[in-house]
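The values are calculated or read from the model by the stated rules, or taken from the named source; none is laboratory data. As the structure is a computational prediction, the values presented were derived from the model and not from experiment. FYI the Cβ positions are ideal-geometry reconstructions off the backbone, even for glycines, and counts take in every protein chain you see.
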Amino acid sequence: MASKMHVSTSKARWLILLAAAAFAQPALADIEFRHALDDSVLDLAPIKGEEITDAVKAFRKDGVNPYSGSADALAAGKTLYEENCQACHLEDGRGGMGPSLVDNVYVNSRANTDVGIFEIIHSGASGAMRSFSERGVTQDQILKIIAYIHSLKK
């Protein structure tokens, strides 16, 4: 009888662990974001006044930009691009002081994915590309900029 009780207790523990895992809150970041220059793990702590939106949480989990194709996000992204990116990458994204954002030539190998573009905008890269999070651009705004950049390619 003791062995049956042990089996039941083991099953019960297993069921409790399984239920706890099912109801656990997902991790805020499943993707490991890294700095484009030294490959160090990025600090994605919110900047002053920043709210980590559901879009940012989803992006951190799977690396898919939830704003792709959203008209509202594209409009916001265009304004943010004009304010922050256009001076170096030009109005149409073909590049000037900064590299082209509309061709398939990547100065930085990380720039071929949304995660890589996010890392570069958030924390900077080589040359004049400095951290935009240090300039007050939020992670949500970065996602909107990325969505707009993709619209320039079409």
Right, Leu80: under 17 Å from Gly136 (Cα atoms), part of a helix (DSSP H, G or I), aliphatic (A, V, I, L, M) and out of contact with any Cys (no Cβ under 8 Å at 6 or more places or on another chain) or not?
-> yes
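Could you check the stretch 45-77 and list, in sequence order, the residues that are assigned to a helix (DSSP H, G or I) and of a type in the set (Val, Ile, Thr)?
Val56
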Which numbered condition Gly93 fails, given (1) in a loop (DSSP other than H, G, I, E, B); (2) more than 23 Å from Ser131 (Cβ to Cβ); (3) not aromatic (Phe, Trp, Tyr) | (2)
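Quick check on this structure: which one of Val64, Val41 is at pLDDT 95 or above and in contact with a strand residue (DSSP E or B) (Cβ under 7 Å, 6 or more places away or on another chain)?
Result: Val41 is the single residue among Val64, Val41 that is at pLDDT 95 or above and in contact with a strand residue (DSSP E or B) (Cβ under 7 Å, 6 or more places away or on another chain).
Residues checked against (1) in a loop (DSSP other than H, G, I, E, B); (2) closer than 20 Å to Glu91 by Cα:
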| site | (1), (2) |
| --- | --- |
| Val115 | no, no |
| Glu119 | no, no |
| Met129 | yes, yes |
| Ile145 | no, yes |
Scan the stretch 28-40 and report the pairs whose first residue is small (Gly, Ala, Ser) and surrounded by 15 or more Cβ atoms within 10 Å (Cβ to Cβ) and whose second residue is in a loop (DSSP other than H, G, I, E, B) and modelled with pLDDT under 95, with Cβ atoms within less than 7 Å and a gap of 6+ or a chain change.
-> Ala36/Asn108; Ala36/Ala125
